[in-house]
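The values are calculated or read from the model by the stated rules, or taken from the named source; none is laboratory data. What you see is a predicted model; the values in this text were computed from it and never measured. Every residue, glycine as well, gets a Cβ built from its backbone with ideal geometry; the counts of neighbours run over all protein chains shown.
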Amino acid sequence: MTPHSFLSRRDFFGNVSTGLMGVGLAHLLGREAAGALSNGSPSTWRPGSGSSHFPAKAKRVLQIFCPGAASHMDLWEHKPMLEKMDGKPMPGEENLVSFQGKNGSLMRSPWPFVPAGQSGRMISSMLPHMGRHVDDIAFFHGMTSKTNTHGPGCVFMNTGHPTEGFPSAGAWTSYALGNLTDNLPTYVAIPDIRGEPPNGKANWSNGFLPAKHQAIVMAAHQPIRNLERPQGISATEELGTRELLGFLNERHAADRAAESDLRARIGAYELAAKMQLSAPEVGNLDSEPEHLHRLYGTDSPNELKAGYARNCLLARRLLERGVRCVNLYCASRASGVDGLLNWDAHKTLKADYERHCPVFDQPTAALLSDLKQRGMMEDTLILWTTEFGRMPTRQEGTAGRDHNPDGFTLWMMGAGVKGGSSYGATDDFGRRAEQNPTTIWEFYATVLHLLGLDFERLSWYHNGLDRRLTDVHGRVIRSVLA
């Protein structure tokens with residue numbers, strides 16, 4: 001082209017299109033090359049490149065969260081001594097005052113525990129479907145928390161810090177490993193049909209990490225708005241507009257390299273454009289066969305169960321299509337009516353859990369079975385979490401349990417996890433972690449290890465400190481690793 005030649009509109013768009021294709025190809029090839037070079041080599045690891053510090057067992061994570069402090073001695077940890085001493089004072093703590101006041105006598109679980117799996121592990125009879133998976137689960141029975149309040153407890157469990165403003169574990173995973181697909185978010189949070197958990201979006205925040213690492217909120221009951229192309233605009237016109245905007249945005253961002261919020265905003269708009277095609281497809285649960293809907297329970301007359309089941313099915317579809325990290329919530333915030341919206345059973349534990357367990361049990365077990373039969377358990381790490389546990393005693397004058405941050409249960413299964421194992425235990429009543437007390441920092445150090453990440457090296461400089469998901473603590477619990 002001579003200096004005096006005229007650049008037509010057609011030529012301009014043609015050149016922009018070709019240039020952007022080249023940029024995109026270079027990005028994809030660069031990311032693949034970076035992964036090949038640095039996977040397993042700590043000296044050349046780069047955050048977000050798709051590589052890890054050392055070879056990973058898992059490449060994606062599903063975290064199932066039951067807000068409200070689900071009771072360990074009523075679900076996962078059998079306490080024969082609690083059954084034997086039901087109605088008697090707890091030895092050594094006869095006048096204990098906990099979060100909501102004075103405690104009464106010891107209270108056995110309202111339901112029997114039954115043997116499950118090939119191992120015969122004892123599990124609550126309220127979880128018959130989950131009982132089929134106990135041989136694949138590694139239980140952490142000696143968990144402890146730094147707080148006994150729901151909001152800080154949920155944030156602590158999700159971020160490793162009891163105050164807001166820190167990145168969630170999913171955001172750290174997004175930052176460290178980057179995306180597996182360019183058409184869907186790297187990190188998705190699926191709130192329950194009943195609403196968001198205590199402290200809401202702080203549970204999936206990017207904190208001080210770049211804004212692009214915050215989770216995108218999706219749910220079966222909450223379709224993404226404004227995805228359809230406006231009437232009167234053709235597909236060709238839209239494509240040309242996107243290409244021009246991409247060119248202008250890239251040039252604008254290049255002059256402002258230090259503004260991560262700007263880059264994240266541009267990335268969010270670009271992802272939104274790509275999701276006009278990918279999101280409706282991933283959210284189309286009607287494309288799933290009828291037998292799978294029955295397996296999950298999406299056809300249940302219980303609206304809460306059906307809603308959670310649809311979210312479980314959505315979670316599998318997201319993971320299957322390359323979403324790196326999914327947070328799936330079963331229950332929501334605290335309510336004025338005790339135990340109505342989440343697992344916070346202060347006054348009427350039996351009635352509350354007879355509402356929550358059927359919602360949780362079948363859909364969650366179906367999700368695990370579905371992932372397994374598709375071969376996805378080989379590289380998917382599943383976590384079950386709650387913010388803290390509950391007291392083995394009844395609150396004075398009630399048939400419920402108060403908060404207990406001194407001992408409770410979490411578990412994990414899937415890629416790299418030794419199924420049928422346990423680490424730690426509470427005392428005979430479930431009051432305190434007695435054997436191998438475990439912190440959330442140790443739990444997450446183990447999670448990061450399974451993702452091929454050194455928890456001591458994964459950090460971000462903020463306010464004069466190299467911040468980590470595990471704070472200044474952490475230790476990999478190797479006895480639960482396969």
Residue pairs meeting the criteria (Cβ under 6 Å; at least 6 apart or on separate chains; first under 13 Å from residue 365 (Cβ atoms), in segment 304-322; second assigned to a helix (DSSP H, G or I) and among the β-branched types (Val, Ile, Thr)): 305/359; 308/359
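One line per residue, one yes/no per condition, for (1) under 28 Å from the mean Cα position of the chain (by Cα); (2) in a loop (DSSP other than H, G, I, E, B); (3) aliphatic (A, V, I, L, M); (4) modelled with pLDDT under 95:
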site: 70; (1), (2), (3), (4): yes, yes, yes, no
site: 77; (1), (2), (3), (4): yes, yes, no, no
site: 91; (1), (2), (3), (4): no, yes, no, yes
site: 95; (1), (2), (3), (4): no, yes, no, yes
site: 102; (1), (2), (3), (4): no, no, no, yes
site: 128; (1), (2), (3), (4): yes, yes, no, no
site: 132; (1), (2), (3), (4): yes, no, no, no
Can you find even one residue in segment 420-430 that is in a strand (DSSP E or B), under 30 Å from residue 348 (Cβ atoms) and at pLDDT below 95? no
Tally time: how many residues in segment 432-449 are free of Cβ contacts under 8 Å to residues at least 60 places away in the same chain and of a type in the set (Gly, Ala, Ser)? 1
Examine segment 162-172 for a residue that is assigned by TED's automatic domain parsing to the domain that holds residue 62, among the β-branched types (Val, Ile, Thr) and touching a residue at least 12 places away in the same chain (Cβ under 8 Å), and state whether such a residue exists. no
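Conditions (1) of a type in the set (Ser, Thr, Tyr); (2) farther than 12 Å from residue 481 by Cα; (3) crowded, with 19+ Cβ neighbours inside 10 Å, marked per residue:
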residue: 401; (1), (2), (3): no, yes, yes
residue: 406; (1), (2), (3): no, yes, yes
residue: 409; (1), (2), (3): yes, yes, yes
residue: 413; (1), (2), (3): no, no, yes
residue: 420; (1), (2), (3): no, no, no
residue: 430; (1), (2), (3): no, yes, yes
residue: 435; (1), (2), (3): no, yes, no
residue: 438; (1), (2), (3): yes, yes, yes
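Yes/no matrix, rows are residues, columns are (1) surrounded by fewer than 22 Cβ atoms within 10 Å (Cβ to Cβ); (2) more than 21 Å from residue 400 (Cα to Cα):
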{"site": "61", "(1), (2)": "no, yes"}
{"site": "68", "(1), (2)": "no, no"}
{"site": "73", "(1), (2)": "no, no"}
{"site": "98", "(1), (2)": "yes, no"}
{"site": "106", "(1), (2)": "no, no"}
{"site": "118", "(1), (2)": "yes, yes"}
Selection from segment 332-355 of residues free of Cβ contacts under 8 Å to residues at least 60 places away in the same chain and crowded, with 21+ Cβ neighbours inside 10 Å yields 352
Please identify the pairs in which a residue from segment 450-464 that is of a type in the set (D, E, K, R) has its Cβ atom under 6 Å from the Cβ atom of a residue that is surrounded by 13 or more Cβ atoms within 10 Å (Cβ to Cβ) and in a loop (DSSP other than H, G, I, E, B), counting only partners at least 6 apart or on another chain. 454/53
Is at least one residue of segment 377-386 more than 19 Å from residue 62 (Cα to Cα) and part of a loop (DSSP other than H, G, I, E, B)? no
Just to be sure before I move on: is residue 142 touching a residue at least 60 places away in the same chain (Cβ under 8 Å), under 20 Å from residue 397 (Cα atoms), in contact with a strand residue (DSSP E or B) (Cβ under 8 Å, 6 or more places away or on another chain) and not in a loop (DSSP other than H, G, I, E, B) in the structure I sent? no
Quick one: count up the residues across segment 290-337 that are assigned to a helix (DSSP H, G or I), closer than 22 Å to residue 280 by Cβ and hydrophobic (A, V, I, L, M, F, W, C). 9
